[in-house]
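The values are calculated or read from the model by the stated rules, or taken from the named source; none is laboratory data. Predicted, not measured: the structure shown is a model, and the values here were computed from it. Heads up, the Cβs are rebuilt from the backbone with ideal geometry, glycines too, and the neighbour counts pull from every protein chain shown.
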Amino acid sequence: MPQVTVWYDGGCPLCSREIALMRRLDRAGRIGFVDVADPAVTCPLDRADLLARFHAREGDMMLSGAAAFAAMWRAIPVLRPLGLAARWPLCGWLLERGYRWFLRRRPVLQRWLG
């Protein structure tokens with residue numbers, strides 16, 4: 001059973017590339033990856049919410065945005081230090097600000113990569 005489950009937008013070329021990298025790094029199979037763009041997938045939250053922001057469940061905690069990325073990083077040994085650092089309030093705040101900045105630019109980046 002995975003220690004972290006992530007929900008991602010498989011219809012987003014940028015997201016798909018990032019998840020492909022995370023799959024390669026997750027050699028121990030600690031992460032369960034769920035493509036929310038697949039209509040056959042049952043979602044724990046509203047599908048639109050899951051498509052709008054990155055979400056992950058770590059243990060019994062549902063996380064979104066930078067906190068969800070940090071949970072995924074903690075499950076991958078080479079990225080674990082970054083995931084642990086994200087628990088520091090200032091670091092977590094900066095990562096979330098960066099993630100929100102990225103979300104505003106995501107549509108343009110998707111068109112470039114699509």
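Among the candidates Arg57, Arg74, Arg105, Arg80, single out the residue that is farther than 16 Å from Val4 by Cα and among the charged types (D, E, K, R).
The unique qualifying residue is Arg105.
Here are some residues: Arg47, Arg74, Arg27, Arg23. Which one is of a type in the set (Lys, Arg) and in contact (Cβ under 8 Å) with a residue 40 or more places away in the chain?
The unique qualifying residue is Arg74.
What helices (runs of 4 or more DSSP H), lying completely within the range 1-93, carry at least 3 residues that are in contact with a Gly (Cβ under 7 Å, 6 or more places away or on another chain), surrounded by 19 or more Cβ atoms within 10 Å (Cβ to Cβ) and at pLDDT 95 or above?
Ranges flagged: 66-74.
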